[in-house]
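Since the structure comes first, as structure tokens, the remarks are kept for the end.
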Amino acid sequence: MGWILKHQKLLRELEELSGTSAKHISLRLPLLTAAKISALCEIYPAKTRTDVIITLLENSLDEFVNIIAEDKENSDLKETFEQLVNKYVELYGKDVLPGKALKPPKE
């Protein structure tokens, strides 16, 4: 059931408009990854390649955060990751929607 819900969330996000920061990152993708992204672009022709990649990255990063948050042994990693994310949010000057930026835990 969790797999279905995660994929429904991903599909909803692919159908919605995403905002982007001014930060530009260029990278080379493995052939199979590029082919999968191109396939998604054909399935969702109204979305740009950038929108598809952003949606996939955001979902993957959210899943990573959930995994390290659930594992008590990774508390140092979680704290370091949150601090670095906040550092780069400030550095890039992006207005982040509530719930998207990681905030240090309230004490």
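The values are calculated or read from the model by the stated rules, or taken from the named source; none is laboratory data. Keep in mind that what you see is a predicted model, and the values were worked out from it rather than measured. Positions of Cβ are generated from backbone atoms using ideal geometry, with glycine treated the same way; all protein chains shown enter the neighbour counts.
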* Structure fact -> Expected single match for under 11 Å from the mean Cα position of the chain (by Cα), under 25 Å from N86 (Cβ atoms), assigned to a helix (DSSP H, G or I) and among the polar types (S, T, N, Q) among N66, N59 is N59
* **Tabulated pairs, the stretch 75-96, first closer than 15 Å to L61 by Cα and among the aliphatic types (A, V, I, L, M), second modelled with pLDDT under 90 and not in a helix (DSSP H, G or I), C-beta under 8 angstrom, 6+ apart or interchain** => V85/A101; V85/L102; V89/V96; V89/A101
